[in-house]
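Derivation of every value follows stated rules applied to the coordinates shown; laboratory data play no part. All figures in this text were calculated on a predicted structure; none of them were measured in a lab. Positions of Cβ are backbone-derived with ideal geometry, glycine not excepted, and every protein chain shown enters the neighbour counts.
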Ligand code: CA
């Protein structure tokens with residue numbers, strides 16, 4: 001079982017890696033947010049363990065980006081006992097959090113727990129109201145009828161459907177659907193979102209909402 005350990009404190013990272021190895025995990029260390037993004041793009045991990053304080057950016061922003069790139073369960077390590085940080089961690093896509101200092105046994109228990117939950121919760125099918133997506137098969141249906149989407153529309157939808165109601169930034173969507181870092185003027189995400197929005201609104205009655213200055217989210221479906 002592989003774990004990506006995103007931690008800039010070298011001694012702490014080494015010590016945790018040793019403990020994880022003893023517990024049967026195969027840890028890899030990333031010491032910056034950029035390194036973490038790079039690694040997650042290259043391969044998949046069973047668990048992501050992300051420190052909130054990183055030298056090249058906030059762990060919260062990283063968490064949001066990683067969430068758009070992978071389904072792997074993510075445990076955020078916060079340095080502070082701050083309720084706001086915990087809330088931000090969970091809102092940005094972390095499955096759980098742990099405040100420093102923590103006991104290794106608690107860390108291991110939480111890693112096992114999020115992994116277990118993840119396996120029970122996440123089938124290969126994503127659902128939002130009448131809309132269902134088979135990510136591996138690249139197939140979408142609305143109430144049983146096939147929904148034809150372009151490649152990029154499908155990629156965007158598959159990301160947004162991982163967590164209906166959660167806001168994904170343009171950068172995160174671009175990264176997930178186009179697969180490269182892009183911080184320029186291009187409105188390729190907006191254009192594709194607009195087309196996708198029309199299709200799913202018409203076919204499934206689901207709103208794809210723009211959140212001003214942030215990004216986009218799939219409106220949570222009304223309760224059945
Ligand atoms: Ca740190």
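Axis angle, to the nearest 10 degrees, between helix 104-121 and the longest C-alpha principal axis of the chain: 20 degrees. Compute the angle between helix 33-42 and the longest alpha-carbon principal axis of the chain, please, reported from 0 to 90 degrees and rounded to the nearest 10. Its long axis makes an angle of about 60 degrees. Secondary-structure-derived ellipticity at 222 nm for the chain, considering helices only, amounts to -13500 deg cm²/dmol, per-run term -39500 (n - 2.57) for DSSP H runs with n ≥ 4.
Entry note: segment 2-119 has Rg to Rh equal to 0.91, where both radii use alpha-carbon atoms and Rh is the Kirkwood radius.
Angle between the Cα long axis of helix 188-204 and the longest principal axis of the chain, 0 to 90 degrees, nearest 10? Value to nearest ten degrees: 60. Based on alpha carbons, the Rg and Dmax found for segment 108-170 are 13.8, 43 Å.
From the square roots a ≥ b ≥ c of the eigenvalues of the alpha-carbon gyration tensor of the chain, which class results: rounded (a/c under 1.5), prolate (a/b over b/c), or oblate? Note, shape of the chain comes out prolate. For the chain, the antiparallel share of DSSP beta bridges with both residues in that region comes to about 50%. Residue order for 31, 220, fewest other beta carbons within 10 angstrom first, comes to 220, 31. Residue exposure proxy: 169, 192, ordered by other Cβ atoms within 10 angstrom of their Cβ from fewest to most, comes out as 169, 192. Report the residue, chosen from 61, 30, 148, that carries the largest GNM mean-square fluctuation when the chain is represented by alpha-carbon nodes joined by springs under 10 Å. Largest GNM mean-square fluctuation: 148. Structure remark: mean-square fluctuation, Gaussian network model of the chain, C-alpha springs under 10 Å; the largest value among 57, 179, 144 belongs to 144. Here the alpha carbons of segment 125-218 define both size measures, Rg and Dmax, at 12.4, 39 Å. Between 59, 24, 129, the GNM of the chain built on Cα springs shorter than 10 angstrom shows 24 fluctuating the most.
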